[in-house]
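Trainee: Here it is, the structure, as structure tokens.
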Amino acid sequence: MNSNHLSHRRVLSVTGKDRFTFLQGLVTADILALKPGEMSFSAFLTPQGKIRTLFYVFHAQETLYLDCSTHEADSFLKHLSLFKLRADISLTLTELHVYAGGPADTPPHDAIITSPDKRAPSAGWRSLSATTPSKLGGGDQNWLERRLENGLPENEDIILGKTIALEANLDGLNAVSWSKGCYMGQEVTARSHYRGLIKRRIIPVTLQSGAFPPEGGYLSLKDSEDIPLLSRKENKALVMLRRDFWTSESISFNHIPVKVTPADWFFKIVSSESSSS
């Protein structure tokens, strides 16, 4: 099968001898633990522990590449530049393309780096390449389907500056290190983790008949306020759902039943969270 070119992604490069220590003190993932050829999901938080942006970081020899949302690329670059100070680094917006695929898909043959996507067992892989997108098949909608099946949130599923890291399941997606040193927003993130029992999280749902609208729309919850649909395709969607509705059978869309359909990894982190609280 072909790769999926993700047209909604841009790639920043971070070069210079201080590139690892620069990012290590700013983001949730353990950048120093990345080996050449590896990739990690990560987040840049506000000092209050709210997500400013989600991204992927690739270790490609002398360069760290940051795969982020096209809509966030310019502001992310400018924001990172504010922390540069005297660090020996260079930040650049590149022309590289992002590709992703499942276990049965084939990465671009001339990718400069391809790494397993460690967010979930069936998440597949991610690649960076200079290949012209028209030469490869697939696309954003193909990848969206896999993302929804695996319950993988991205920037469009969070409220930037308001959603905390664990509400977006970053603790279950290998995006947060609990052993590294300080980083921006660490205190709130650690407190949320060790206190346990996050009140709400992003979770997949399935409409039992028909399809969700391409935009807008709310789920109805019994004896509770309606909640907005996030990313969606056909009868699959992500929503930010309160804990007391994770096993509920009283969720609907336009009077059609909606079933909560979490990926296998979801209840593993929830179980761990409950046992540690």
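Trainee: Once you list every other residue whose beta carbon is under 11 Å from the beta carbon of residue 211, what net charge do they have if Lys and Arg are +1 and Asp and Glu are -1? Mind dumping the intermediate values first?
Mentor: On the way: positive: 232, 233, 236; negative: 234.
Residues near residue 211 contribute +2 overall.
Trainee: If you line up the long axis of helix 140-149 against the longest principal axis of the chain, both from Cα atoms, how many degrees apart are they, to the nearest 10?
Mentor: 60
Trainee: Identify the residues of region 147-174 with backbone N under 17 Å of a label point that sits 7 angstrom from the Cα of residue 70 along the Cα-to-Cβ direction, or state none.
Mentor: So the set is 154-157.
Trainee: In whole Å and largest first, what semi-axes does the C-alpha gyration tensor of the chain yield when each eigenvalue is scaled by 5 and square-rooted?
Mentor: Numbers: eigenvalues 191, 111, 50 Å².
In descending order, the three semi-axes are 31, 24, 16 Å.
Trainee: Using the Cα centre of the chain as the reference point, and only Cβ charges (+1 on K/R, -1 on D/E), how large is the resulting charge dipole? Debye, rounded to the nearest 20. Walk me through the numbers on the way to the answer.
Mentor: Working: 31 positive and 30 negative charges, 111 e Å.
In total the dipole reaches around 540 debye.
Trainee: Right, next: Over region 4-165, how many percent of alpha carbon pairs lie in each 5 Å bin up to the one with the longest distance?
Mentor: Result returned by the calculation: 1, 9, 18, 23, 22, 16, 8, 3, 0.
Trainee: Over 16 Å, how big is the tail of the calculated P(r) for region 196-276, in percent of all Cα pairs? Numbers along the way, then the final one.
Mentor: On the way: 1553 of 3240 pairs.
The calculated P(r) of region 196-276 puts 48 percent of pairs beyond 16 Å.
Trainee: Also, I was wondering about something else. What order do you get for 178, 125 when you list them from fewest to most C-beta neighbours inside 10 Å?
Mentor: The order, fewest Cβ neighbours first, is 178, 125.
Trainee: Here's something else I'd like to know. Could you work out [θ]222 nm for the chain from helices alone, using -39500 (n - 2.57) per DSSP H run of at least four and dividing by all its residues? Round to the nearest 500 deg cm²/dmol. Intermediate results must be reported in sequence, preceding the final value.
Mentor: Values: 5 runs with 51 residues, N = 277.
Calculated at 222 nm, the ellipticity per residue is -5500 deg cm²/dmol.
Trainee: Counting only other residues whose beta carbon sits under 14 Å from that of residue 41, what net charge do I get with K and R as +1, D and E as -1?
Mentor: Numbers: positive: 9, 118, 119, 126, 147; negative: 30, 38, 67, 117, 154, 157, 171.
Net charge in that neighbourhood comes out at -2.
Trainee: Please work out how much length the chain gains when fully extended from residue 18 to residue 141, using 0.36 nm per residue of separation minus the C-alpha to C-alpha distance, in nm with one decimal. Provide the component values of the computation, followed by the final result.
Mentor: Numbers: separation 123, 0.36 × 123 = 44.28 nm, distance 3.73 nm.
Gain in length upon complete extension: 40.6 nm.
Trainee: How charged is the neighbourhood of residue 87? Take every other residue with its Cβ under 10 Å from the Cβ of residue 87, and add Lys/Arg as +1 and Asp/Glu as -1. Intermediate values should be presented prior to the final figure.
Mentor: Values: positive: 17, 19, 84, 86; negative: 18, 88.
Charge balance near residue 87 sits at +2.
Trainee: Could you order the peptides 49-59, 258-268 from most to least packed, using the average number of other C-beta atoms within 10 Å per residue?
Mentor: Details: 49-59: 22.6, 258-268: 17.1.
Ranking the peptides 49-59, 258-268 by packing returns 49-59, 258-268.
Trainee: Could you tell me the calculated FRET efficiency between residue 195 and residue 247, based on Cβ-Cβ distance and R0 = 30 angstrom, to the nearest 0.05?
Mentor: Details: r = 22 Å, r/R0 = 0.74.
Between residue 195 and residue 247 the formula returns 0.85.
Trainee: Continuing with this model, one more query. Among the aspartates and glutamates, which fall within straight-line cross-link reach of residue 35, defined as a Cα-Cα distance under 12 Å, with same-chain neighbours fewer than 8 residues apart omitted?
Mentor: Qualifying aspartates and glutamates at Cα under 12 Å: 62.
Trainee: Would you work out which of 238, 251, 227 lies farthest towards the positive end of the dipole of region 196-276? Charges go on Cβ: Lys and Arg +1, Asp and Glu -1.
Mentor: 238
Trainee: OK, next. State the answer as a single residue: which of 97, 128, 12 lies farthest towards the positive end of the charge dipole of the chain, with beta carbon charges of +1 for Lys and Arg and -1 for Asp and Glu, about the Cα centre.
Mentor: With unit charges placed on the Cβ atoms, the residue in question is 12.
Each reported figure results from applying straightforward, stated rules to the coordinates on display, with no laboratory input. Computed from a prediction, not measured in an experiment: that's the story for all the values here. Neighbour counts run over all protein chains shown; Cβ positions are idealised from the backbone, glycine included.
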